[in-house]
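Trainee: This is the structure I want to talk about, given as structure tokens.
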Amino acid sequence: MKFLLSAASLGFTMVYAVTPTQKPNILLITVDDMNYNSVGVFGCQVKNTTPHIDKLAAEGIRFERAFVQCAVSMPSRNVLATGMYPQRSGLEGFNYIPEESLVKSVFEILQENGYYTGCMAKLPHCFPKLSGEHKINMAIKAEELNQGREPALFYKKTKDFLAATKKNNQPFYLMCNSQDPHRPFYDSDDVKSGKKGGNFFGNQKEPQPSYIYTEKEVNIPAFLPDLPDIRKEITQYYNNVKRADDIVGEVLKALAESGMEENTIVFFLSDNGMAFPFSKTNVYLNSNRTPLIVKWTGKTKPKQVEKDAFVSGVDFLPTVLDITGIKQPYPLDGLSFKNRLTGEKYTKQNDVYTLFFSNSAFKAYPMRCLQNKDFAYIFSPWAYAGDYQFTSETKIGLTYKAMKAASKMNSEIAARIKLFDFRETEEFYDLNNDPDALVNLVNNPAYKPQLEIFRAAMEQKMKETNDHILSAYKYRDNPDSLKNYVNAMQIRVNKQRLLSKSRG
């Protein structure tokens with residue numbers, strides 16, 4: 001298995017500098033662990049969660065079928081940065097790649113071409129190489145933004161960055177990362193028991209959202225049961241959603257006041273789904289679908305909705321380079337959707353390939369999903385024996401514990417807990433009738449024709465992306481083959497951890 005691309009496979013091409021004044025500014029705003037349907041314009045049933053994000057959507061275009069490749073922060077963000085699938089870049093989990101790798105990030109490429117570059121919060125998760133955050137023009141740590149959750153500080157730091165770009169007479173690329181609605185949730189026990197001075201926010205006060213929800217005001221996602229502690233935690237989550245929207249509002253306010261809004265393209269998305277069972281760190285619809293919004297003043301007509309075409313994280317860098325007129329340094333995996341933004345003809349993608357490799361504790365849980373508008377097919381080789389138990393951040397809160405307790409008396413919840421903990425090697429879902437993936441149809445004879453089509457398409461996708469999981473997929477009915485692959489993956493993950501640790 002190859003971890004990194006060679007110079008020959010990259011087809012290396014020189015990147016030529018361009019005149020800075022000719023180029024548009026790029027502002028990428030991300031939120032952390034926000035489900036797509038927690039945003040008002042994407043169908044949120046809770047009132048007034050995201051007025052600032054909704055306003056941005058009204059001024060640009062929203063994509064109803066947008067996805068991130070990996071539903072956990074660092075690999076998700078590194079796909080955005082590199083325009084490459086993780087198995088090709090070597091950025092499969094919470095690891096860095098060697099400094100000598102030819103793989104470049106969006107920060108490197110744009111800075112080489114005259115852009116002033118900056119990143120706010122989530123710094124360790126946004127750069128393929130350890131040196132990345134030290135090479136950009138302005139790196140603002142989460143601690144300078146009250147753990148990446150203080151709207152007023154985002155406003156101030158954004159103004160500082162924009163003032164610096166004006167002083168240097170350069171176009172800019174700025175990535176603003178709200179660390180909401182990531183755990184710990186607002187006013188939760190996790191905040192109060194944090195490590196920093198006995199409180200997650202240390203000597204600073206916890207920022208208060210502009211509105212605080214009550215348990216009566218929220219709705220429970222269909223993929224979770226409505227239990228008291230789950231309702232309590234979902235309420236806490238929505239208070240973080242509100243604070244994330246407050247941050248977005250402050251960043252956009254700073255941009256508007258700078259006088260550079262007209263020549264700035266704004267991208268907004270979430271790095272993955274909410275940190276609850278069956279969402280983040282998985283490959284379900286609720287894991288990878290993201291509320292992508294793009295505003296390009298003068299190019300993108302307001303209030304547009306793209307309902308059919310699939311776009312994903314791997315398409316972000318090709319799109320940015322297409323917009324800025326910068327040549328790709330080597331062939332990237334994604335496709336530009338610039339022409340969709342400008343209303344020109346472009347090639348629509350009809351499906352998306354999403355992946356998961358390992359969690360933040362460097363435990364291997366390889367999963368793949370191929371989905372289109374109708375169906376989702378999932379392959380999880382780690383589920384080969386039924387005794388390899390899933391662990392992730394999504395199990396540390398009130399929700400999983402409540403489900404576990406309720407499973408002793410409720411057979412339906414017990415079945416959900418068993419599926420979440422141990423999974424099945426193959427899953428197949430009818431997204432039109434079951435978007436929350438509640439009924440696995442892999443053994444339903446009525447769906448066998450569709451299943452076989454997806455099995456073949458999955459194998460083809462693995463070949464196209466040089467995915468090492470193909471060796472296990474070809475022998476998915478052989479438990480020994482699956483076990484050997486998962487063991488090999490754990491060794492691979494352990495090596496990635498040691499290499500990244502040695503560079504830290």
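Quick note: the coordinates plus some simple rules give every number you see, no bench work behind them. Predicted model only: the values in this text are computed from it and were never measured. Here the Cβ positions follow ideal geometry from the backbone for every residue, glycine too, while neighbour counts run over all protein chains shown.
Trainee: Once the cut-off is 18 Å, how many percent of the Cα-Cα pairs in region 437-504 end up in the long-distance tail?
Mentor: It works out to 59 percent of all Cα pairs.
Trainee: Using the Cα atoms of region 221-264, I'd like the radius of gyration and the largest Cα-Cα distance, Dmax, both in angstrom.
Mentor: That works out to 16.9, 49 Å for Rg and Dmax.
Trainee: While we're here: Could you give the size of the charge dipole of region 354-503 about its Cα centre, using +1 on the Cβ of each K and R and -1 on the Cβ of each D and E, expressed in debye and rounded to the nearest 20?
Mentor: For this selection, approximately 820 debye.
Trainee: In region 24-351, with Lys and Arg counted as +1 and Asp and Glu as -1 at Cβ, which of these residues, PRO98, PHE278, LEU145, has the Cα nearest the positive end of the dipole, that is, farthest along it?
Mentor: LEU145
Trainee: With a cut-off of 8 Å between alpha carbons and a minimum separation of six or more residues, what is the relative contact order of the chain in percent?
Mentor: Over the chain, the number comes to 22 percent.
Trainee: Compute and list, largest first, the equivalent-ellipsoid semi-axes of region 343-414 from the alpha carbon gyration tensor, each √(5λ) rounded to a whole angstrom.
Mentor: 32, 17, 14
Trainee: Given the Cα-Cα distance of LYS205 and ASN487 and 0.36 nm per residue of separation, how much length would full extension add, in nm?
Mentor: Contour length minus the Cα-Cα distance gives 97.0 nm.
Trainee: Now for a different question. Would you please give the residues with an amide H less than 5 Å from that of TYR365, counting only those at least 5 places away or on a separate chain, with H modeled from the backbone geometry?
Mentor: Here SER358, ASN359 satisfy the definition.
Trainee: Something else now. Which value, in debye to the nearest 20, describes the size of the charge dipole of region 71-219 about its Cα centre when Lys and Arg Cβ atoms bear +1, Asp and Glu Cβ atoms bear -1, and nothing else is charged?
Mentor: The dipole magnitude comes to about 320 debye.
Trainee: Output the peptides 288-299, 482-493 sorted from most to least packed, where packing is the average of other Cβ atoms within 10 Å over each peptide's residues.
Mentor: Order by mean packing, descending: 288-299, 482-493.
Trainee: Any chance you could check the Cα centroid distance between region 422-454 and region 308-347 for me, in angstrom?
Mentor: Rounded to whole Å, the Cα centres lie 31 Å apart.
Trainee: So between TYR346 and ASP308, what do we pick up on full extension, going 0.36 nm a residue minus the alpha carbon distance?
Mentor: Extra length from TYR346 to ASP308 when fully extended: 12.4 nm.
Trainee: Here is a further query. I'd like to know how region 354-503 sits against the 2.2 N^0.38 Å rule of thumb: what's its Cα Rg over that expected value?
Mentor: 1.12
Trainee: Can you compute the modelled spin-label distance between ASN219 and VAL439, with each label point 7 Å from Cα toward Cβ, in nm?
Mentor: So the label points at ASN219 and VAL439 sit 2.0 nm apart.
Trainee: Follow-up. Would you mind checking which residues have amide H under 5 Å from LEU292's amide H? H placed 1.01 Å from N; only 5 or more apart, or other chain.
Mentor: Close amide H contacts, sequence-distant or interchain: PHE63, ALA66.
Trainee: Once R0 is set to 41 Å, what does the formula 1/(1 + (r/R0)^6) return for the Cβ-Cβ distance between ASN432 and ASN168, expressed as a FRET efficiency to the nearest 0.05?
Mentor: My answer for the efficiency is 0.20.
Trainee: On full extension of the chain, what length is gained from ASP160 through ARG497, given 0.36 nm per residue of separation minus the C-alpha to C-alpha distance?
Mentor: Between ASP160 and ARG497, full extension yields 117.8 nm more.
Trainee: Out of THR49, ILE453, GLY60, whose Cα points farthest toward the positive end of the dipole of the chain (charges: +1 Lys, Arg; -1 Asp, Glu; placed on Cβ)?
Mentor: The one lying farthest along the dipole's positive direction is GLY60.
Trainee: I've got another one for you. Relative contact order of region 343-488: what whole-number percent is it, with Cα pairs under 8 angstrom and at least 6 residues apart?
Mentor: RCO, region 343-488: 23 percent.
Trainee: Taking the Cα centre of the chain as the origin, how large is its charge dipole in debye, to the nearest 20, when only Lys and Arg (+1) and Asp and Glu (-1) carry charge on their Cβ atoms?
Mentor: Approximately 720 debye in magnitude.
Trainee: Turning to a different aspect of this structure: So what's the back-of-envelope 222 nm ellipticity for the chain, counting only DSSP H runs of four-plus at -39500 (n - 2.57) apiece and dividing by all residues, rounded to 500?
Mentor: The helix contribution divided over the chain gives -10500 deg cm²/dmol.
Trainee: Residue farthest toward the positive end of the dipole of region 175-329, with Cβ of Lys/Arg at +1 and Asp/Glu at -1: which of PRO207, PRO228, LEU255?
Mentor: It is LEU255.
Trainee: Between LYS327 and LYS135, take the C-beta separation as r, use R0 = 22 Å, and let me know the FRET efficiency to the nearest 0.05.
Mentor: Using R0 = 22 Å, I get an efficiency of 0.60.
Trainee: Rounded to whole Å and sorted largest first, list the principal axis extents of the Cα atoms in the chain.
Mentor: Taking the Cα atoms of the chain, the three principal extents are 63, 56, 47 Å.
Trainee: Here is a further query. Checking the a/c ratio against 1.5 first, then a/b against b/c, what shape does the Cα gyration tensor give for region 232-320?
Mentor: Oblate, because a/c is 1.5 or more while a/b does not exceed b/c.
Trainee: Just for the Cα atoms in region 383-440, what are the lengths along the principal axes, largest first, rounded to whole Å?
Mentor: Over region 383-440, Cα extents along the principal axes are 30, 25, 22 Å.
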